[in-house]
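Here is the structure we will look at.
The values are calculated or read from the model by the stated rules, or taken from the named source; none is laboratory data. Only a predicted model underlies this, so the values are computations on that prediction, with no experimental measurement involved. Here the Cβ positions follow ideal geometry from the backbone for every residue, glycine too, while neighbour counts run over all protein chains shown. The accessibility values were calculated without ligands, DNA or RNA, using every heavy atom of the protein model including side chains. Shrake-Rupley method; radii C 1.70, N 1.55, O 1.52, S 1.80 Å.
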Amino acid sequence: MLYPYIEFPNELIVTHSEIKKDNSVWINFEQPCKNCFREARIALPQYKWLFNEGFSDKKIKEFEQFSHQNAAMVYKYARLGGINNA
């Protein structure tokens, strides 16, 4: 299950998973584009990219920085069952 975290004006949507059995959390980046849909997913705390479909290397670096900056909050909300339950 993915929980909403933040939506940016450029239609980029960031969601996160629950805390997995191995204590990891996934952060998912999604963005509609002309005739397609971009999506990338990173696993915390390893900061390992699980997949990237359509984002540039520059954007992936930005998303990785975002993940580092938001890891504590993402874990907090993952533990609580999403931001709406906080």
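Regarding the stretch 15-36, can at least one residue be identified that is open to solvent by 60 Å² or more (accessible area, probe 1.4 Å) and part of a helix (DSSP H, G or I)?
No, the stretch 15-36 contains no residue that is open to solvent by 60 Å² or more (accessible area, probe 1.4 Å) and part of a helix (DSSP H, G or I).
Exactly one condition in (1) loosely packed, with under 15 Cβ neighbours inside 10 Å; (2) at pLDDT below 95; (3) not small (Gly, Ala, Ser) is false for LYS48; which is it?
Unmet condition: (2).
Take the residues in the stretch 74-83 that are in contact with a Phe, Trp or Tyr (Cβ under 8 Å, 6 or more places away or on another chain) and not small (Gly, Ala, Ser); name whichever of them is farthest from SER17 (Cα to Cα).
Looking at the filtered set, the residue picked out is ILE83.
Name the single residue, out of those in the stretch 56-86 being part of a loop (DSSP other than H, G, I, E, B) and open to solvent by less than 70 Å² (accessible area, probe 1.4 Å), that is modelled with the highest pLDDT.
SER56
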